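Okay, so here's the structure we're looking at.
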Amino acid sequence: MDLLLEPRAFRLLEGLRIAPRKSQPGRVRGERLTRRAGLSIEFADYRDYAEGDDLRHLDWNVLARLDSPVMRTYRDEEDLAVHVLLDDSPSMAFGERTKGRAARDLAAAFGYVGLLGGDAVTPVRLGRREPPPAALRGRAAYGRYAAWLGREASQDAPTSLATSLRAFAGSRARPGVAIVLSDGFDPEAPNALRALVGRGHEVWCVQILSELDLDPDLEGDLRLVDGEGGKPTDITANSGVLKAYRENLARHNAALADAAKRGGGRYALVRTDDKLEDFVRDTLKREGWVR
Amino acid sequence: MSFAYPGALILFLPLAGVVVALYLLRMRRRELRVPATFLWPAQTEEVRANALFQRLKPSWLLFLQLLALALAVFCLARPQTRQRGLAGEVTVFVLDSSASMGATDVLPSRFAEAKRLAREAILSARAGDRMALVEAGPVPRVVFPLGNDPARQIAALDALEGTDADADVGEAMRLATAVVSGQDGARVVLLSDGDFAPIQNFSQGKAAVVYQNVGKGGTNLGIEALGVTDTPKGRLLFAGLRNYGGQPWETTLTLYADGKAVDSLKLKVAAHSTQGHTVAAPPGARLYEARIDPKDVLKADDYAAVSADPAASLRVLKVGGEDPFLERALALDPRVTLDRAATLPPDGGAGYDIVAFDGVPSQPTKSRGVLILGKAGPDAPVRVDGAAKRPKFSGSETAPLMKGVDLDGVYIDEIERVSPKGSAEALARSSAGPLVVADRTPIRRTVYLAFAPLQSDFPLQVGFPIFVANALDFLGGTAGGGPLVVAAGKPFSVPVAQGEPTLIDPDGTKTTLKPAGGAATIREARRVGKYELEVDGKRRTVIATLQTPRESNIAPVTQIALRDQPVRSLAAPLRFGDFWRPLATLCLLVLGFEWWLYAKRS
């Protein structure tokens with residue numbers, strides 16, 4: 001079985017937990033504290049006793065001193081929904097080391113961390129009409145998770161990134177951390193991210209770009225054929241056009257980052273030739289994506 | 001402004017049409033698949049064209065290409081402007097260095113003025129102009145070939161010196177036209193005073209001939225003749241002076257015998273006339289000289305000399321067709337004065353020392369020497385028995401006539417099969433009989449060659465001029481050891497037994513001569529005066545004199561005749577100055593800018 005990651009990467013990711021900026025409601029008891037009162041050992045507050053309360057949580061010391069029954073409340077512990085949204089649109093096939101491959105490795109890393117943290121990890125394939133599998137939990141589920149990532153995508157006609165994101169946002173997926181692993185090459189992608197945020201998801205946008213995307217080495221009179229099936233564009237690849245492209249890319253990336261961060265999310269730009277170790281150290285750990 | 005090839009302008013229309021048509025074609029772009037196109041601005045620059053037509057759009061590249069094309073077509077049409085100047089694109093200067101060019105009516109001299117004109121033309125030459133210089137001296141020569149190297153050309157021009165000789169301007173002009181043979185727009189510029197022999201046998205081809213007169217005019221009094229003759233009354237010395245000016249001229253004539261003055265008198269010569277003076281000369285003297293001091297503008301003809309040795313001067317008549325090899329070999333002897341005739345004159349060559357029959361049957365003559373080349377007549381020292389083809393040389397006698405002459409290996413097409421008569425003696429033999437026969441009688445000496453030189457390659461051999469020189473010595477007698485009087489500038493040869501002869505100029509400059517084939521040819525006696533020639537350890541005086549009245553007549557000639565066609569002197573002839581080069585440079589700059597713009601946009 002292909003576990004996608006090297007043993008060194010597993011060791012690097014061991015002990016890390018996904019650190020969302022806001023708490024998300026859980027569906028089953030998990031290992032994460034929630035704002036709701038629950039049964040963990042984490043003290044939350046006091047309240048007056050009401051009939052039927054569990055006397056195990058009565059604060060006997062307060063009763064003895066004040067002669068007033070006061071109940072201790074505790075924060076509840078629930079699981080976190082981690083949605084790993086993996087862009088599998090045609091544009092991800094570009095790059096010497098393809099953006100799709102880089103995205104899959106990052107998806108494996110995020111998934112492994114989520115599973116180890118007891119989170120409900122749901123891998124979602126963007127750009128393909130493919131239903132997501134059931135949420136996976138626990139280290140033991142990593143095998144199935146990796147198998148799903150390594151599986152060939154369906155050969156159905158691809159859909160755009162924004163359409164896929166909007167479709168996910170419109171689904172009944174439990175709000176949680178939505179980790180979008182994509183090049184973001186869709187003019188509607190920022191709006192689609194805002195739709196995710198609007199549905200209560202904390203969007204973590206990891207934009208993966210290749211050298212060709214960042215610094216295209218084009219020359220002459222060209223007809224650019226859109227890898228996503230968009231309208232071809234005629235250009236004369238001179239310095240002015242290349243400069244305009246770089247400015248458009250910077251604006252688009254800024255819009256993606258703004259859309260992700262507006263709902264309390266995160267944004268990072270990753271090059272396809274960046275090493276996973278560097279990303280974990282410099283971004284995930286240093287910027288507090290994980291703890 | 002005009003155009004050398006105005007028809008080339010028509011090319012602009014079709015070529016511009018092609019350029020515009022290329023812009024009307026729509027571009028077929030190379031397709032490239034990219035992740036997404038929405039980030040790319042739809043900016044295109046029409047920098048090249050391809051298939052299918054489209055609407056013509058304003059384009060700086062199109063404008064620059066049409067501009068470059070217009071400039072290129074303009075260059076092809078060779079735009080010209082009319083300018084004044086001696087030099088053209090291809091110019092050969094013919095510089096007359098004859099004696100008359102030494103006249104000082106133009107200071108410092110006509111020759112210096114001609115050099116100045118040539119120098120100015122060289123310095124004003126434009127890039128691409130090519131010039132050559134031919135010296136019209138006694139032996140015309142190319143001083144520098146066609147080229148564009150002003151520094152070297154000026155250096156070669158500065159090194160050029162005038163002569164006191166009679167120049168062969170006709171040969172120089174033929175040489176000049178040969179230098180620019182077939183070149184369009186070539187110009188032959190003759191810088192001369194026009195005092196030279198009429199030019200015949202001249203074809204200027206495509207070249208234009210420009211004559212620039214450099215003389216202003218001036219009076220000249222010169223010694224026209226100096227002769228010595230033995231009469232029953234004793235030896236007489238005659239001197240003739242000619243006044244070429246329009247005013248009477250008085251001068252002092254001094255006559256010398258072996259360097260000692262024997263007579264001196266004042267003579268007044270009327271305008272445009274000759275006045276002679278005869279005086280009894282000391283009989284034993286070997287050299288007679290005459291000197292005048294007229295303070296005129298030409299010094300070369302103020303001195304003359306004549307040798308009293310009968311063998312020191314040989315009048316030779318060549319009878320037959322043209323034979324430049326024989327004539328050149330005869331002229332190499334400093335004693336020879338050569339005349340040419342197709343047939344023997346009725347007087348039988350009276351007055352000539354030697355008559356040479358070249359390829360024509362010999363006839364009885366009154367000369368003391370006869371040279372028969374190829375065809376023996378009834379008076380010849382041989383009896384003709386027939387003819388033979390391609391004989392083989394078999395050997396020659398040891399005789400002064402055959403000294404330095406090797407007939408072995410000479411190709412002879414046909415000879416007369418002869419046998420010597422009387423006292424005649426065969427000096428060289430072949431498989432078909434005698435090749436060279438010599439006869440010596442009290443009244444006449446005869447040399448017979450059994451083949452005409454032009455029917456063999458003998459004239460191309462080193463031995464040919466030596467054979468002619470030996471024959472002249474045999475027929476005319478060897479000159480004594482007295483002074484040798486030669487025409488200034490005229491090449492002559494002297495026999496050399498060993499070593500290298502040296503010639504000391506009148507100013508003391510020593511020149512070492514390179515002998516070839518037992519003789520040395522001397523071309524360096526170009527100025528009138530006394531030279532010292534050292535040959536085989538013996539010193540001999542060589543006196544160079546002008547010997548031609550034509551050079552004394554220094555009146556400038558404003559119109560010369562080239563093959564009977566008049567050519568008038570022009571102060572500054574017109575030339576068409578091309579200016580296609582700056583246009584071509586501009587065209588290149590436009591193309592360079594167009595390329596830069598293309599590269600920037602693409």
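The values are calculated or read from the model by the stated rules, or taken from the named source; none is laboratory data. Computed from a predicted structure; not experimentally measured. So basically every Cβ, Gly included, is an ideal-geometry build from the backbone, and we count neighbours across all protein chains shown.
One table, with the values for the structure above:
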| quantity | calculated |
| --- | --- |
| Residues of the stretch A:172-183 satisfying the condition of being more than 14 Å from chain B (Cβ to nearest Cβ) and either over 14 Å from A:Ala135 (Cα atoms) or buried (at least 24 other Cβ atoms within 10 Å of the Cβ) (or both) | A:Gly176, A:Val177, A:Ala178, A:Ile179, A:Val180, A:Leu181 |
| Residue match in the stretch B:101-109 (condition: assigned by TED's automatic domain parsing to the domain that holds B:Asp193, within 20 Å of the chain's Cα centre (by Cα) and crowded, with 16+ Cβ neighbours inside 10 Å) | yes |
| Elements of type strands (runs of 3 or more DSSP E) in the stretch B:499-589, at least 1 residues being modelled with pLDDT of 85 or more, outside the structural domain of B:Ala305 (by TED's automatic domain parsing) and surrounded by fewer than 20 Cβ atoms within 10 Å (Cβ to Cβ) | B:502-504, B:510-512, B:529-535, B:538-545 |
| Residue among B:Ala308, B:Ala280 that is closer than 19 Å to B:Phe238 by Cα, at pLDDT below 85 and not acidic (Asp, Glu) | B:Ala308 |
| Elements of type strands (runs of 3 or more DSSP E) contained in the stretch B:273-324, each with 2 or more residues being crowded, with 22+ Cβ neighbours inside 10 Å | B:287-292, B:303-307, B:314-320 |
| Members of the stretch B:580-602 that are of a type in the set (Ser, Thr, Tyr) and within 14 Å of chain A (Cβ to nearest Cβ) | B:Tyr598, B:Ser602 |
| Unmet requirement for A:Arg194, which otherwise passes all of (1) among the charged types (D, E, K, R); (2) farther than 18 Å from A:Gly95 by Cα; (3) within 14 Å of chain B (Cβ to nearest Cβ) | (3) |
| Given (1) farther than 24 Å from B:Lys299 by Cβ; (2) not in a loop (DSSP other than H, G, I, E, B), index of the condition B:Phe202 fails | (2) |
| Counted residues, the stretch A:210-227 - those being closer than 15 Å to A:Lys99 by Cβ, of a type in the set (Asp, Glu) and within 8 Å of chain B (Cβ to nearest Cβ) | 1 |
| Odd one out for A:Gln207, checked against (1) touching an Asp or Glu at 6+ places or on another chain (Cβ under 7 Å); (2) facing chain B (nearest Cβ under 9 Å); (3) surrounded by 21 or more Cβ atoms within 10 Å (Cβ to Cβ) | (2) |
| In the stretch B:21-45, residue farthest from the other protein chains (Cβ to nearest Cβ) [restricted to those that are more than 14 Å from A:Ala237 (Cβ to Cβ) and at pLDDT below 85] | B:Ala21 |
| Hey, A:Asp186 at the interface with chain B (Cβ under 10 Å from one of its Cβ atoms), part of a helix (DSSP H, G or I) and surrounded by 20 or more Cβ atoms within 10 Å (Cβ to Cβ) or not | no |
| Test: residue in the stretch A:231-254 that is closer than 21 Å to A:Phe110 by Cβ and either part of a helix (DSSP H, G or I) or away from chain B (no Cβ under 14 Å) (or both) | yes |
